[in-house]
1. In the range 11-63, what percent of the accessible surface is made up of carbon and sulfur (1.4 Å probe, ligands and nucleic acids excluded)?
2. For the ranges 56-63, 40-47, 76-83, what's the packing order if you count other beta-carbon atoms within 10 Å of each residue, average per peptide, and put the highest first?
3. Top to bottom by accessible area (1.4 Å), largest first, where do LYS231, LYS39 land?
4. Just to verify a number: what accessible area does SER96 come out at with the full protein assembly present, 1.4 Å probe, Å² rounded to tens?
5. Can you sort GLU31, GLU172, GLU104 by solvent-accessible area, 1.4 Å probe, largest first?
6. Expected output is a single nm value to one decimal: the length gained when fully extending between LEU164 and THR95, i.e. 0.36 nm times separation in residues minus the C-alpha distance. What is it?
7. Highest mean first, how do 213-222, 20-29 rank when packing is the count of other Cβ atoms within 10 Å averaged over residues?
8. Just to be sure I understand the model, the point goes 7 Å from the Cα along the line to the Cβ. What's the resulting ALA6 to ILE47 distance in nm?
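The values are calculated or read from the model by the stated rules, or taken from the named source; none is laboratory data. Predicted, not measured: the structure shown is a model, and the values here were computed from it. When we count neighbours, we look across all protein chains shown, and the Cβ atoms used for this are built from the backbone with ideal geometry, even at glycine. With ligands, DNA and RNA removed, areas are computed over all heavy atoms of the protein, side chains included. Shrake-Rupley method; radii C 1.70, N 1.55, O 1.52, S 1.80 Å.
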Amino acid sequence: GRTAQAGTGPGEFSNPYGIAIDASGNVLVSEYGNHRVQKLSANGTPIASWGSYGSGVDQFAYPHGLSIDTSGTIFVADTHNNRLQVLSASGAFITSYDLVGRPEGVLVLNSSSLIVSNSCAMRIEIPSRTSTWRATLMDDLRLVDCSGFARDTDGSLLLAASWLRDGLPQSEGSTLLRIDVTSGATTLPFGPGASTCVLELGYMSESHCVPIAMAVEPSGTILVTDVGRNKVV
């Protein structure tokens, strides 16, 4: 992991959720527990921090996903405030959009299109078209958290999600998925055991990886926020 310290100080995390990489290679992380967004260098050195708990300008209530567009503008799913906040590259408030329901994940696709998720239902916003679909995994596995989106280097969509298997015995865990934007169909791109954070059992266990969000570096390296162990891996 590039950082592994839980806490409230610079470079420390409390329930890290969203993650994104800007054009300079800096890493931005939204924290559910600290109600803030942190900016770190590519090697994990703290640069800046924005936000506190509340519903006002520059405040967050349990923020989940975040995304950065090509100009450096930052979009944050301000989940318990039922809104999407938009910040400049330096963290200054630009505007906010009220949303129906609590947004979990957000991914900017281009200048006129973004994806917002709410309980694993995805809404793709385009000026002339809005489509809604629900991500699925397998018949006996139910996705329960779809907050983490990223675009892979080939343009495809990646998703970090948590799942439940109902029945006896009940089990739960997390996984990384590749997703078809048109249909919502998912595949397992890495396979069980390929790395940590892949089909992990023990959701929200401090000894297991719980992937919440992903960002992809130009080299193809995938960064994952691990809320189970308060790490970026």
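1. 45
2. Details: 56-63: 17.8, 40-47: 13.8, 76-83: 22.8.
In descending order of packing, they fall as 76-83, 56-63, 40-47.
3. On the way: LYS231 55, LYS39 35 Å².
Listed by decreasing accessible area, they come as LYS231, LYS39.
4. Answer for SER96: close to 40 Å² accessible.
5. Numbers: GLU31 0, GLU172 75, GLU104 25 Å².
The most accessible residue leads, giving GLU172, GLU104, GLU31.
6. Numbers: separation 69, 0.36 × 69 = 24.84 nm, distance 3.60 nm.
Additional length available on full extension: 21.2 nm.
7. Working: 213-222: 16.3, 20-29: 18.6.
Sorting 213-222, 20-29 by mean packing, highest first, produces 20-29, 213-222.
8. A separation of 2.8 nm, rounded to one decimal place.
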